[in-house]
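Following: one structure in structure tokens, then a few remarks.
The values are calculated or read from the model by the stated rules, or taken from the named source; none is laboratory data. These numbers were taken from a predicted model, which means no experiment stands behind them. Here the Cβ is made from the backbone with ideal geometry for all residues, glycine too, and neighbour counts use every protein chain on show.
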Amino acid sequence: MVVVAILAAGRGTRMKSEMPKVLHTLGGKSLLERVIDSVKPLSPSRNMVIVGYQAQLVQAAMEYLPGLEFVEQTEQLGTGHAIQQLLPHLQGYHGDVLVLNGDVPLLSSHTLLKLLQTHQKNGNAATILTAHLSNPQGYGRVFCNSENVLQQIVEDKDCTAAQRQNNRVNAGVYCFCWQDLGKILPYLQANNAQKEYYLTDAVTQVAPVMAVDVENSQEIMGINNRIQLAGAYEILQNRIKEKWMMAGVTLVDPSSITIDETVESQTDVIIEPQTHLRGNTVIESGCRIGPGCLIQNSHIGKNVTVQYSVIIDSSISGGTHVGPYAHLRRHVEVGEGCRIGNFVELKNTQLGVRSNVAHLSYLGDTVAGTQINVGAGTITANYDGVKKHKTIIGDRTKTGSNSVLVAPLNLGNDVYIAAGSTVTDDVPNDSLVIARSRQVVKSEWRITQE
Ligand code: UD1
Ligand code: CA
């Protein structure tokens, strides 16, 4: 049985932010959400989050996650003091407590499971996760004796110059036998450079204690400032991109591409430079996306190409070409084999198969049939200043260049609209509409000069 306790009460002064550190986002999720995600496979019996600085805000941000218990640490007197707040809540508890720092977001569940198993198999009082870092600056240094028994954890700020040379660091992740920890917690002292109650002091006051090295030291990266936040993002991105490339996706110039871990792709997809894939996006096989695209929460069907375009909350069916410079900005559904071209904006619009909107158009709140052709510069006037109105366009209908479709409007099947028309009334099937003034030519009009 294991209870999880996540330390999330600190302000994170080094972030230079009004927002609590654990709410800063890393690849679309807050640091704290990432830590909570990493413990899920351990099926903890309780998930306790210690909050303090802007506790309300942290609690509100996590509201959508079920089963979290928030314990308030009103004054932030150190990580040991934070864990002291659990004492009244865990009275009589006989199991283990897994303690995690809310600002260590890259831990894998595999590492945590291994730590817990080592702890339980050896019947330890405490087991801590450690790593050897080429640059250990800022981390607590871990000292063991020749039998590999933990002697001391010395915070960076409390280290002598010689101690600072030790590159074995404390990851900020611990398993404790609660009975053992609970006994010594009330007696922690704040005899250190920061005048704080350190949880790391507790580790050396129980026995037996083991230190376990993490397999990949990148996992233990703690986020204390925005440089480290950017560093963690890079690590996260590299993980995702390596996985994609190994799974059969070509990334051209990977460093210029960003991909959220929530995005999915099939094989034989080519992602070109400066492309950003976010949220619940799915890309089917044979697509070529980029250069220069932002695609968010969208479904891209097989063999679609997209260049220099923005697609948000939309779905594109197979074989369609989008861009360059198209903006599909919310609830757009494009059928198979369509062409959405240059400087075209679509919003809340459905387009049937093999339809073209190729140049300089805006379609909003429109339901269009199959094989339509929207002439260059066609615009739906869907907003009267108060409400949005709908435009319906039948199958095979063609709008001439520079047509204005004033909604609400219903155009039938096989309708032709003459170029430059402003269409205000519904049009039945098979009609030609000309809604503009006739051309008048006054010949020999120019006054000839003497
Ligand atoms: C801590 C460890 C250090 C380790 C490093 C790993 C201690 C004393 N030091 O240092 O050995 O190498 O993490 O990243 O534990 N917090 C509270 N209440 C408090 C103070 C902090 O909840 O009173 C929370 C913070 O919000 C944060 C976490 O504890 O999520 C760690 O605090 P931080 O101040 O960042 O500790 P470090 O100096 O990084
Ligand atoms: Ca930290």
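Return the residue satisfying two criteria in turn: it lies in the range 123-140 and is more than 16 Å from ligand 2 (Cβ to nearest atom) and surrounded by 13 or more Cβ atoms within 10 Å (Cβ to Cβ), and of such residues it is nearest to Glu219 (Cα to Cα).
As a first pass, look at the range 123-140 and keep what is more than 16 Å from ligand 2 (Cβ to nearest atom): 123-127, 132, 134.
Now narrow it down to the ones that are surrounded by 13 or more Cβ atoms within 10 Å (Cβ to Cβ): 124-127, 132.
Values: Asn124: 23, Ala125: 24, Ala126: 20, Thr127: 17, His132: 12 Å.
Here the residue is His132.
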Item to check | Top-ranked residue in the range 141-182 [being of a type in the set (Val, Ile, Thr) and loosely packed, with under 15 Cβ neighbours inside 10 Å; ranked as farthest from Lys195 (Cα to Cα)] | outcome: Val149
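What do you reckon, is Ala326 among the aliphatic types (A, V, I, L, M) and either touching a Phe, Trp or Tyr at 6+ places or on another chain (Cβ under 6 Å) or more than 22 Å from Asp414 (Cβ to Cβ) (or both)?
Working: among the aliphatic types (A, V, I, L, M): yes; either touching a Phe, Trp or Tyr at 6+ places or on another chain (Cβ under 6 Å) or more than 22 Å from Asp414 (Cβ to Cβ) (or both): yes.
Here the answer is yes, as Ala326 does meet what is asked.
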Checklist entry - Out of all the residues in the range 278-317, which are of a type in the set (Asp, Glu) and within 19 Å of Ile240 (Cβ to Cβ)? => result Glu284
Checklist entry - In the range 256-266, is there at least one residue being within 28 Å of Leu23 (Cα to Cα) and touching a Pro at 6+ places or on another chain (Cβ under 6 Å)? => result yes
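Suppose we keep only residues that are buried (at least 16 other Cβ atoms within 10 Å of the Cβ) and assigned to a loop (DSSP other than H, G, I, E, B) within the range 53-64. Which one would you say is farthest from ligand 1 (Cβ to nearest atom)? Before you say what the answer is, go through the steps one by one.
At the first step, the residues of the range 53-64 found to be buried (at least 16 other Cβ atoms within 10 Å of the Cβ) are 53-55, 58, 61-62.
When the remaining residues are screened for being assigned to a loop (DSSP other than H, G, I, E, B), the result is 53-54, 62.
Details: Tyr53: 8, Gln54: 11, Met62: 14 Å.
Top of the filtered list is Met62.
So, Ile50, is that one within 16 Å of ligand 2 (Cβ to nearest atom), in a strand (DSSP E or B) and within 27 Å of Arg278 (Cβ to Cβ) or not?
On the way: within 16 Å of ligand 2 (Cβ to nearest atom): yes; in a strand (DSSP E or B): yes; within 27 Å of Arg278 (Cβ to Cβ): no.
No.
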Checklist entry - Of everything in the range 353-404 that's among the charged types (D, E, K, R) and either closer than 22 Å to Arg330 by Cβ or under 34 Å from the mean Cα position of the chain (by Cα) (or both), which residue is modelled with the lowest pLDDT? => result Asp384
Next on the checklist: Looking for something closer than 27 Å to Asn303 by Cβ and either in contact (Cβ under 8 Å) with a residue 24 or more places away in the chain or within 16 Å of ligand 2 (Cβ to nearest atom) (or both) - is there at least one such residue anywhere in the range 214-234?
Outcome noted: no
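Condition check: farther than 20 Å from Leu113 by Cβ, polar (S, T, N, Q), at pLDDT 95 or above and surrounded by 14 or more Cβ atoms within 10 Å (Cβ to Cβ). Does Asn192 satisfy that?
Numbers: farther than 20 Å from Leu113 by Cβ: yes; polar (S, T, N, Q): yes; at pLDDT 95 or above: no; surrounded by 14 or more Cβ atoms within 10 Å (Cβ to Cβ): yes.
Here the answer is no, as Asn192 does not meet what is asked.
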